[in-house]
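**Q** Questions regarding the structure given below will be posed in turn.
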Amino acid sequence: MSACFVFQGERVPLINPQRGIFKPQQMRFLLSIKTVFPKPGGKVWYDDQREVHRQIFEGDETIDYAFMGNDPDAADNRSLREAFENRIPIIYFLGIAPGRYQAMLPAFILGWDATALKARVAFGVPDQKTLEPPENALERRYALRAVKQRLHQASFREAVITAYNGRCALSRLPEPLLLNAAHIVADKDERFGQPVVPNGIPLSKIHHAAFDAHLIGIDPNYRLHVSERLIVQNDGPMLEALKRLHGATIHLPNRAKDLPDRDRLALRFERFMAAA
């Protein structure tokens, strides 16, 4: 069941599963818009991920949102225009996987073009107390940077965990809710830190913490190395399970294009060895 709220005594959903532009009949103005991902099929959905989100990651101040169909006077497109004219805050649901969304709010329609059949969307400034559109280019850039960061984390996690069939690459734990998408090279690294599947490994929270602390390393041949600091300790079954990883090989994704990048692993393994 989709999320909803109560408005004038009625339950109203936040999103329409069938339509991208949603104005509930109980409300005067637009409530939400969404961008979806294709369902799983012959083509793996996260291969399209960067293209679907390209306009957001490449945007400067605002992004485009296409009208429904070719008639600018259709009801859905009129709802976009009314939100623009009345400066209405809306929710933008950004698809990060089939059936999964990241809610971005508030968002605002800042332009409506009947000729180009598209609207311009800007995001609200984070932590702003009033639901007002950003008033200048500086605010719009700042807000879009915050959206990019949130989308980066959410979409990267979904793609990495899906590539490994929802299992931890070390323990094979089959519960996605307990997994993180660990960066091999941190995203602050402009050369190697891109949010792509070959720069990610799904790890349970304990393994992620050990990986980030350089207590566990992965060499370019996908072999696991456990720090001597852990090897010499004796303190219960959890520690013993970590120690038994030494010399094992990580669980790999099915597709060659999703394999952890060996150059990134080599760079990260150098840091593991330096911390030993």
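**Q** Enter the accessible area per residue of the chain (Å², integer; probe 1.4 Å; all protein chains in place).
**A** Values: 14770 Å² over 276 residues.
Heavy-atom accessible area per residue stands at 53 Å².
**Q** If you don't mind, there's one more thing I want to ask. What is the spin-label model distance, in nm, from ASP71 to PHE5 if the labels are put 7 Å beyond Cα along the C-beta direction?
**A** Reported label-point gap for ASP71 and PHE5 is 3.1 nm.
**Q** Still on this structure, please answer the following. Between GLU270 and GLN233, what FRET efficiency comes out of the Förster formula 1/(1 + (r/R0)^6) with R0 = 22 Å and r the beta carbon distance, rounded to 0.05?
**A** Step by step, r from the Cβ atoms, then E = 0.35.
**Q** Could you tell me what percent of the accessible area of segment 110-238 is made up of carbon and sulfur, with a 1.4 Å probe and every protein chain present? Don't skip to the answer; put the middle values down first.
**A** Working: 3500 of 6610 Å².
Carbon plus sulfur share of accessible area: 53 percent.
**Q** So which DSSP H runs in the chain come out at 30 Å plus along the axis (Cα) with average Kyte-Doolittle of at least -1.0?
**A** 137-163
**Q** Turning to a different aspect of this structure: Helix-only mean residue ellipticity at 222 nm, the chain, DSSP H runs n ≥ 4 weighted -39,500 (n - 2.57), per residue, nearest 500. What is it?
**A** The helix-only estimate for the chain comes to -8500 deg cm²/dmol at 222 nm.
**Q** Name the GluC sites (Glu not before Pro) in segment 59-151 that are in a loop by DSSP and that have at most 14 other C-beta atoms within 10 Å, would you?
**A** Sites meeting the loop and neighbour criteria: GLU135.
**Q** Could you order peptides 18-27, 236-245, 260-269, 158-167 by the average number of other Cβ atoms within 10 Å of their residues, highest first?
**A** Packing proxy ranking, top to bottom: 158-167, 260-269, 18-27, 236-245.
**Q** Still on this structure, please answer the following. Measure up LYS23/LYS129; LYS34/LYS129; LYS118/LYS257; LYS23/LYS118; LYS34/LYS257; LYS34/LYS148 against 27 Å on the Cα-Cα distance and list the ones that go over.
**A** LYS118/LYS257; LYS34/LYS257
The values are calculated or read from the model by the stated rules, or taken from the named source; none is laboratory data. The model shown is predicted, which means the values in this text are computed figures rather than measured ones. Cβ: placed from backbone, ideal geometry, glycine included. Neighbour counts: every protein chain shown. For accessibility, only protein heavy atoms count, side chains too; no ligands or nucleic acids. Shrake-Rupley method; radii C 1.70, N 1.55, O 1.52, S 1.80 Å.
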